[in-house]
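Report on the structure given below.
The values are calculated or read from the model by the stated rules, or taken from the named source; none is laboratory data. Worth saying up front: this structure is predicted, and the values here are computed from it rather than measured. Because the Cβ atoms are built from the backbone with ideal geometry, glycine has one as well, and the counts that use them run over all protein chains shown.
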Amino acid sequence: MDVLTPAPQQARPQYGVIALPGDLSLPLDLEAMARGRRTELEIGFGNGEYTVKHARRAPDVLLWGIELSPACVLRCARRAAGLDNLRLIRTDARRMMKELFRDEALDRVYMNFPCPWPKRRHAHRRVTARDFTDSLAAVLRLGGVFELLTDDEPYAREALDRIGNHAALEGRGFEVNPARSVTTKYERKWLELGKPIYRLTFVKTRPFTTARQTWEGSEVHIRTRRRPTEACLNALADVSGGAGDARWSFGRLALERGPEGGFLLEAFSNDEEFDQRYYIHISPRDEGALVRLDRTANAFLTPAVKGALADVATRIDAPEEPEG
Ligand SMILES: C[S@@+](CC[C@H](N)C(=O)[O-])C[C@H]1O[C@@H](n2cnc3c(N)ncnc32)[C@H](O)[C@@H]1O
């Protein structure tokens, strides 16, 4: 079995503007965080050039950025030195926007040049997909604005049609080559090539809500009745399970050589297309054991993560088969 030694607390990197899942309790308490500032969200900020310029120019805004690529998050964080009105989260906005934000939480959401996903089999990844539009309609406040910039005309037309036809959102603008004081790398590139860009503006005109999956039980600590035997722990490696759309599997088991002791089980979970990798901490006690997310896990408590934790506890509590 591997032995993992956790980094000492004082050696934990200073993340600055990067907000880690383990430090966020969902939904976010924006009233306390914004302290009177307006709240905006940028989705897919790329290298963060636009994001940081916008945050510097708008100190009255608390700006959140969600980006899928870890390299982009780090690049943007480096640019953002000294800013206290920007928070970056590395995750998938399609899945997590509605989980992070309550209904009516945001004054403005914007997306600069999202991938248009032109292939039919990827259509569900577009912002025009029903789930994403519902999330948007929920998290914007009444009168709040969604702004989309794109260089892809068919995508712009589809967005205008689909988002503009949502019961709670209304199209208010379709501009070609709008004048903007801050521009993005992609924008400048397209304009230099003489390609038109499109800005679509939508306003939330009616209340709307959507279901959330992570708000119940922001922390999961499960106590087992049995104390896990070595055989039971070893049998967890390579197990996989699932329920509904949630899937999970376990990998290596390691001994944690830290103040907490116990075991770390590598875990992988998938909620539809939303993947997370993390460790489950198993601490044997005099009686039973405590099963929870490891503090370095940085995973959101989606149905697949909760399923994985429950599966570990159930397997520890299951009577062992007699040998032979
Ligand atoms: C074409 S780039 C545009 C970057 C930047 N907005 C600009 O205009 O320069 C699209 C960005 O969206 C990010 N992205 C794609 N899907 C995403 C998702 N589901 N959630 C968050 N970010 C996403 C990509 O990683 C990429 O950085």
Need the failing condition index for Val3 against (1) modelled with pLDDT of 95 or more; (2) more than 14 Å from the ligand (Cβ to nearest atom); (3) in a strand (DSSP E or B), just the number. (1)
As an exercise: evaluate Arg285 against (1) in contact with a Lys or Arg (Cβ under 9 Å, 6 or more places away or on another chain); (2) buried (at least 16 other Cβ atoms within 10 Å of the Cβ) and give the number of the one condition it does not meet. (2)
Go through region 168-210 and report how many residues are within 16 Å of the ligand (Cβ to nearest atom), surrounded by fewer than 17 Cβ atoms within 10 Å (Cβ to Cβ), outside any loop (DSSP other than H, G, I, E, B) and touching a residue at least 24 places away in the same chain (Cβ under 8 Å). 1
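Could you check region 141-153 and list, in sequence order, the residues that are of a type outside the set (S, T, N, Q) and either free of Cβ contacts under 8 Å to residues at least 24 places away in the same chain or part of a strand (DSSP E or B) (or both)?
Answer for region 141-153, where residues must be of a type outside the set (S, T, N, Q) and either free of Cβ contacts under 8 Å to residues at least 24 places away in the same chain or part of a strand (DSSP E or B) (or both): Arg141, Leu142, Gly143, Gly144, Val145, Phe146, Glu147, Leu148, Leu149.
In this structure, does Ser240 turn out to be at pLDDT 90 or above, exposed (fewer than 14 other Cβ atoms within 10 Å of the Cβ) and small (Gly, Ala, Ser)?
Values: at pLDDT 90 or above: yes; exposed (fewer than 14 other Cβ atoms within 10 Å of the Cβ): yes; small (Gly, Ala, Ser): yes.
For Ser240, the condition - at pLDDT 90 or above, exposed (fewer than 14 other Cβ atoms within 10 Å of the Cβ) and small (Gly, Ala, Ser) - is met.
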When (1) within 20 Å of Arg102 (Cα to Cα); (2) part of a helix (DSSP H, G or I); (3) in contact with a strand residue (DSSP E or B) (Cβ under 8 Å, 6 or more places away or on another chain); (4) not polar (S, T, N, Q) are applied to Ala138, the one that fails is (3)
Between a first residue in region 298-322 that is at positive phi and a second residue that is in a loop (DSSP other than H, G, I, E, B) and not small (Gly, Ala, Ser), which pairs have beta carbons less than 8 Å apart while being 6 or more apart in sequence or on different chains? Asn298/Leu20
